[in-house]
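The structure appears below as structure tokens.
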Amino acid sequence: MKFTQPKLPYSPDALAPVISQRTVEYHWGKHEKAYIDTLNDLIRDTGYEDMTLEQIITHSEGKLFNNASQAWNHIFYFFQFSPEPTPEPNGRLAEQIERQFGSLDELKRLMEDAGKGIFGSGWVWLSADHEGKLLITQAGNAANPMTDGLRPILTLDVWEHAYYLDYQNLRADYLHKIWDIIDWDIISIRYE
């Protein structure tokens, strides 16, 4: 199977000013493309060639894992955004956030703190376990909670290329503004 980079459901300038067109073109257009191209080269004529991206992530390591996971992570990240997002979760997810964290604002604060606390590059994940309990986890480099049996539902990219063109070294500002484009309808559907 050859993996292809999906087309974004919005134009490259649609997320501004939270994420600029320049960042989308660089981050999605160059970084994500490179992960997918490298992944396709690595799986050619191997046992991984007929696996799904999720299967490769949970069955590989090293360079193959890094490129497969980063390809998946970036698709997951960019497809949670909307230029006209639903500003709050609904249904079961809204109830679970209220039950576990007390409020959406508290969940956001905890995720922002987790992002500020990562030294170097990585991801902050909101995932669900098999019982629906929500977990906030920090992950370095290309790590993905699927490898721990969790189901990711939202992520914050804290690699510098995700925010440096727009926020320079102000990671906390990026983490605080990113909520303005997260579409909670998408996140709620991922939780169901």
**Asked** Per the 1.4 Å probe, what fraction of the accessible area of segment 1-136, in percent, lies on carbon and sulfur atoms?
**Response** 51 percent
**Prompt:** Based only on Cα atoms, what Rg/Rh ratio does segment 72-163 have, Rh being taken as Kirkwood's radius?
**Reply:** 0.94
**Fill in**
Lys pairs in the chain with Cα under 16 Å (8 or more apart in sequence, or on separate chains) total 7
**Asked** How much length is gained on full extension from Lys33 to Asp148, taking 0.36 nm per residue of separation minus their Cα-Cα distance?
**Response** 38.8 nm
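Can you tell me how much longer the chain between Ser103 and Glu160 gets when fully stretched, taken as 0.36 nm per residue apart minus their C-alpha distance, in nm with one decimal?
Working: separation 57, 0.36 × 57 = 20.52 nm, distance 2.87 nm.
Extra length from Ser103 to Glu160 when fully extended: 17.6 nm.
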**Prompt:** Solvent-accessible area per residue for the chain at a 1.4 Å probe radius, Å²?
**Reply:** 49 Å²
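Calculated FRET efficiency, Leu170 and Glu25, Cβ-Cβ r, R0 22 Å, to nearest 0.05?
Values: r = 21 Å, r/R0 = 0.95.
The calculated FRET efficiency here is 0.60.
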**Prompt:** When only alpha-carbon atoms count, how far does segment 11-116 stretch along each of its three principal axes, as whole angstroms with the largest first?
**Reply:** 49, 33, 27
**Asked** Rounded to a whole number, what is D in µm²/s for the chain from Stokes-Einstein with the Kirkwood radius over alpha-carbon pairs (20 °C, 1.002 mPa s)?
**Response** 125 µm²/s
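Between rounded, prolate and oblate, where does segment 1-47 land on the alpha carbon gyration tensor, with a ≥ b ≥ c its root eigenvalues, rounded for a/c under 1.5, else prolate if a/b exceeds b/c? Display every interim value, and only then the final one.
Details: a/c = 5.20, a/b = 2.74, b/c = 1.90.
Note, shape of segment 1-47 comes out prolate.
The values are calculated or read from the model by the stated rules, or taken from the named source; none is laboratory data. Source: prediction; values computed, not measured. Ideal geometry is used to build each Cβ from the backbone, glycine not excepted, and the neighbour counts take in all protein chains shown. Note: accessible area is taken over every heavy atom of the protein model, side chains too, but ligands, DNA and RNA are not part of it. Shrake-Rupley method; radii C 1.70, N 1.55, O 1.52, S 1.80 Å.
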